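Here's the structure, in structure tokens; my notes come after.
None of the figures in this text is laboratory data; all of them are computed from the coordinates on show. Since the structure is predicted, the reported quantities are computational estimates derived from the model, not experimental observations. Positions of Cβ are backbone-derived with ideal geometry, glycine not excepted, and every protein chain shown enters the neighbour counts.
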């Protein structure tokens, strides 16, 4: 197959920079690139929009998510049809990160043991992004 990777791209309504800070703090994300609208050569940007995120790459574990703000004058709507799923190897670390990401957001399913042999929970963060947390607890 010629597809090499699948990277979620999260869009925000001007609060992309705050979301990046939340993901750095709560998930240990490492920002590998951050470009703002004001950084684009030759692009005329109103001063109030110069700090909007044009594009950012955040490494979380072995994978990346990408982040941007909507263009000025446009908005993105938050929906419930997509979740970013994080798969953990340690339930204590997962619980700590779940609580950190849930702050200011909404827990839609508290972390709990499941019939499929995992601890699992879901939340929507303060920026409207839906997340699933999973950690296999039963081997075999």
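For region 84-136, evaluate the Debye formula with one uniform point scatterer on each Cα (no solvent term) and list log10 I(q)/I(0) at q = 0.16, 0.17, 0.19 Å⁻¹, rounded to two decimals.
Ignoring solvent entirely, the Cα scatterers give -0.38, -0.43, -0.54.
Mean projection of the alpha-carbon convex hull of region 9-69 over all orientations, in nm²?
4.0
Could you work out the relative contact order of region 28-140? I mean the mean sequence separation of Cα pairs under 8 Å and 6+ apart, divided by the number of residues, in percent.
19
How much of the DSSP beta bridge set in the chain is antiparallel, as a percent to the nearest 5?
70
From a point 7 Å beyond the Cα of residue 43 in the direction of its Cβ, which residues of region 1-35 have a backbone N at a distance under 16 Å?
10-17, 33-35
Counting helices only, and only those DSSP H runs with n ≥ 4, report the 222 nm mean residue ellipticity of the chain as the sum of -39,500 (n - 2.57) divided by its residues, in deg cm²/dmol to the nearest 500.
Rounded to the nearest 500, the figure is -5500 deg cm²/dmol.
Bin width 5 Å, origin at 0, all Cα-Cα pairs of the chain: what percent of pairs per bin?
Using 5 Å bins, I get a P(r) of 2, 9, 18, 20, 18, 14, 9, 5, 3, 1, 1, 0 for the chain.
Once you place label points 7 Å from the Cα toward the Cβ at residue 24 and residue 137, how far apart are they in nm?
Rounded to a tenth, the inter-label distance reads 3.4 nm.
Angle check, please: helix 91-102 long axis (alpha carbons) against the longest principal axis of the chain (alpha carbons), in degrees 0 to 90, nearest 10.
Once rounded, one gets 40 degrees.
Nearest 10 degrees is fine. How inclined is helix 16-27 to the longest principal axis of the chain, computing both from alpha carbons?
Computed tilt is about 30 degrees.
So how far, in whole Å, is the C-alpha centre of region 75-140 from the one of region 1-34?
Here the two parts' Cα centres lie 16 Å apart.
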